[in-house]
Amino acid sequence: MTSAVAPAAITEEEIFAAHEGGKLSVETKQPLDSIRALSIAYTPGVAQVSRGIAADPQRATTHTWASRLVAVVSDGTAVLGLGNIGAAASLPVMEGKSALFKTFAGLNSIPLVLDTTDVDEIIETLVRLRPSFGAVNLEDISAPRCFELEQRLIEALDCPVMHDDQHGTAIVVLAALTNAARVTGRDMSGLRVVISGAGAAGVACANILLEAGVHDVVVLDSRGILSAGRGLDGAKGELAARTNPRNLEGGPAEAMAGADVFIGVSSGTVPEDVLATMAPEAVIFALSNPDPEVHPDVAARYAAVVATGRSDFPNQINNVLAFPGIFRGALDSGARRITSAMKVAAARAIADLVGEELAPDHIVPSPLDPRVAPAVAAAVAAAARQD
């Protein structure tokens, strides 16, 4: 497998210049260029709309932007590859996420960075702000707190909530693996899959693969294979009870021997001699950014299909393939939850877009493919109506 042509080097000066003043702005839908227009949009006309909503709260969904507004929420504890850098430093990333929502799904969104890491305080804040938005995209929140936070918010709010670091990654991984299995002539149910990383993305990848019918999933954390014998509790203990059907123990060497698939969502590295023990025509998704668990050129010596999270190699597994369409479909359908069925439907829609162009170096669409978000939105909305 050969590398894609890398873009021209981007300078630090260019980056800071592009971010100066932030990346977002608010624009009006109608021009305020006359007294009449001002009287309709603001006083006295706006009072009529407020009275209407007070009399019939359902009108807020049709006469404000709230029902179509996504709140992009972070506490800055797990930002990209930077770790716990705090709320203020996370804001450029959340602005970028909002820009992606607008560009790919036509959805308005607003970044909300919260200067607290207390789960109760974050929930209370979002519950109090609920009239101002229609969905919540949780972003860059550290594990294991992110699991509790997402679940409790789903229960507390009557609107779609999704932690994209978990489920966006998992959805695109499922789409990519679906097509990797096709191109290598494998059946998904028979795959032996190893996931390196038991944080937000690793747990979600394991869950969605099990939901999609993969039976043999082994998960590694920094101490080795998640197994019943380790006496784990919490999210890892629950995952250990549902994975590792062959009761393997040990570390990467024991997990990888004979494996069909390696999915890396950790900051670790994989020795080349361990890769050599994988099954023939293996599949390697080395997704850590900016440094994959194994360099794609090395992975290609042992794998028929290689993917990364980077844009300068083929098969980029990128959350932007999933989250804009998922939220668009959820909001279009009036869904109050983003369910497992909706996530699997999104993955299938992404995989199906590759079509006749399917090849070892083309298992997912480009993040810039304009068909992706509409296809995902339609699939998610259809699944929501069936739930």
- request: Could you tell me which of the residues Phe313, Phe327 is open to solvent by less than 30 Å² (accessible area, probe 1.4 Å) and out of contact with any Ser or Thr (no Cβ under 7 Å at 6 or more places or on another chain)?
  value: Phe327
statement: Across region 50-96, the tally of residues that are open to solvent by 80 Å² or more (accessible area, probe 1.4 Å) and over 18 Å from Phe323 (Cα atoms) stands at 12
query: If you take the residues of region 346-363 that are hydrophobic (A, V, I, L, M, F, W, C) and open to solvent by 10 Å² or more (accessible area, probe 1.4 Å), which of them is nearest to Arg385 (Cα to Cα)?
result: Ala349
- line: Filter region 50-85 for residues that are under 19 Å from Leu112 (Cβ atoms) and β-branched (Val, Ile, Thr); the one that is farthest from the chain's Cα centre (by Cα) is Thr64
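With region 15-86 as the region, which helices (runs of 4 or more DSSP H) entirely inside it contain at least 2 residues that are hydrophobic (A, V, I, L, M, F, W, C)?
Output list reads 35-41, 45-55.
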query: Hey, Ala240 hits all of (1) in contact with a strand residue (DSSP E or B) (Cβ under 9 Å, 6 or more places away or on another chain); (2) open to solvent by 30 Å² or more (accessible area, probe 1.4 Å); (3) farther than 20 Å from Glu293 by Cβ but one; which does it fall short on?
result: (2)
- request: Being part of a helix (DSSP H, G or I) and closer than 21 Å to Asp140 by Cβ is the filter here, so list the residues in region 316-337 that pass it.
  value: Asn319, Val320, Leu321, Phe323, Pro324, Gly325, Ile326, Phe327, Ala330
- prompt: If we keep just the residues of region 24-42 that are open to solvent by less than 90 Å² (accessible area, probe 1.4 Å) and not small (Gly, Ala, Ser), which is nearest to Ser132 (Cα to Cα)?
  reply: Leu24
query: Any idea which of Val270, Val274 is part of a helix (DSSP H, G or I), open to solvent by 10 Å² or more (accessible area, probe 1.4 Å), in contact with a helix residue (DSSP H, G or I) (Cβ under 7 Å, 6 or more places away or on another chain) and not charged (D, E, K, R)?
result: Val274
task: Output the number of the condition that Thr28 fails; it satisfies all remaining conditions of (1) within 23 Å of Ser109 (Cβ to Cβ); (2) without any contact (Cβ under 8 Å) to a residue 12 or more places away in the chain; (3) among the polar types (S, T, N, Q).
output: (2)
task: With a cut-off of at least 2 residues that are open to solvent by less than 10 Å² (accessible area, probe 1.4 Å) and closer than 30 Å to Ala282 by Cα, name the strands (runs of 3 or more DSSP E) lying wholly within region 97-204.
output: 192-196
- line: Per the filter on region 1-16, residues open to solvent by less than 100 Å² (accessible area, probe 1.4 Å) and either at pLDDT 95 or above or farther than 30 Å from Pro92 by Cβ (or both) are Met1
field: region 364-387 - residue that is in a loop (DSSP other than H, G, I, E, B) and either open to solvent by 40 Å² or more (accessible area, probe 1.4 Å) or not β-branched (Val, Ile, Thr) (or both) and, of those, nearest to Gly213 (Cα to Cα)
entry: Asp387
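Okay, residues lined up against (1) closer than 30 Å to Pro360 by Cβ; (2) in contact (Cβ under 8 Å) with a residue 12 or more places away in the chain:
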position: Ile10; (1), (2): yes, no
position: Thr43; (1), (2): no, no
position: Gly52; (1), (2): no, no
position: Gln58; (1), (2): no, no
position: Leu69; (1), (2): no, yes
position: Gly76; (1), (2): no, yes
position: Leu80; (1), (2): yes, yes
position: Ala87; (1), (2): no, yes
position: Pro111; (1), (2): no, yes
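The values are calculated or read from the model by the stated rules, or taken from the named source; none is laboratory data. Note that this is a predicted model, so its numbers are computed, not measured. Every residue, glycine as well, gets a Cβ built from its backbone with ideal geometry; the counts of neighbours run over all protein chains shown. Calculation scope for accessible area: heavy atoms of the full protein, side chains included, ligands and nucleic acids excluded. Shrake-Rupley method; radii C 1.70, N 1.55, O 1.52, S 1.80 Å.
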